[in-house]
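Engineer: Quick one: the structure is below, and I'll ask about it shortly.
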Amino acid sequence: MINVRQILYEICEDEAVFEDGIDLVESGILDSYVYIELFSRLEDYDIYIQTTRIDRTKLRTIEGIESIVKEYQKK
């Protein structure tokens with residue numbers, strides 16, 4: 001299983017990514033650079049997320065991002 005929290009930590013070096021339910025956008029952890037880097041690293045695992053085909057509100061939390069990754073792993 002892909003550890004989304006660890007990937008985000010490696011990108012932004014903020015331990016807040018390990019908190020459950022944190023709003024990553026409102027907290028300032030996620031910005032456009034982090035999104036691009038996250039999607040790029042997920043591609044290393046053959047996860048190609050089509051941002052026009054997902055519920056973007058899921059990108060606000062770790063749990064939401066993990067659910068998107070699980071959906072794409074099944075494809």
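Engineer: Among Glu43, Glu13, which is the only one that is more than 18 Å from Ile68 (Cα to Cα), over 10 Å from the mean Cα position of the chain (by Cα) and of a type outside the set (S, T, N, Q)?
Structural biologist: Working: Glu43 fails: more than 18 Å from Ile68 (Cα to Cα).
The match here is Glu13.
Engineer: Moving on to the next point. From the list Ile29, Ile11, Ile7, pick out the single residue that is surrounded by 14 or more Cβ atoms within 10 Å (Cβ to Cβ) and under 21 Å from Lys74 (Cα atoms). So that I can check it myself, show each step before the final result.
Structural biologist: On the way: Ile29 fails: under 21 Å from Lys74 (Cα atoms); Ile11 fails: under 21 Å from Lys74 (Cα atoms).
Exactly one of Ile29, Ile11, Ile7 is surrounded by 14 or more Cβ atoms within 10 Å (Cβ to Cβ) and under 21 Å from Lys74 (Cα atoms), namely Ile7.
Engineer: Another question, if that's okay. Anything in the stretch 27-68 that is not in a helix (DSSP H, G or I) and not polar (S, T, N, Q)? List them, or say none. Give the steps one after another, and end with the answer.
Structural biologist: Going residue by residue through the stretch 27-68, those that are not in a helix (DSSP H, G or I) are 27-31, 44-50, 54-55, 61.
Hits for the stretch 27-68 are Gly28, Ile29, Leu30, Asp31, Asp44, Tyr45, Asp46, Ile47, Tyr48, Ile49, Ile54, Asp55.
Engineer: Only residues that are in a helix (DSSP H, G or I) and surrounded by 17 or more Cβ atoms within 10 Å (Cβ to Cβ): list them for the stretch 14-26, please.
Structural biologist: Taking the stretch 14-26 first, the residues in a helix (DSSP H, G or I) are 15-18.
Result: Val17, single match.
Every number here is computed from the coordinates shown, using simple stated rules; none is lab data. Computed from a predicted structure; not experimentally measured. In this analysis, Cβ positions are derived from the backbone assuming ideal geometry, glycine residues included, and neighbour counts consider all displayed protein chains.
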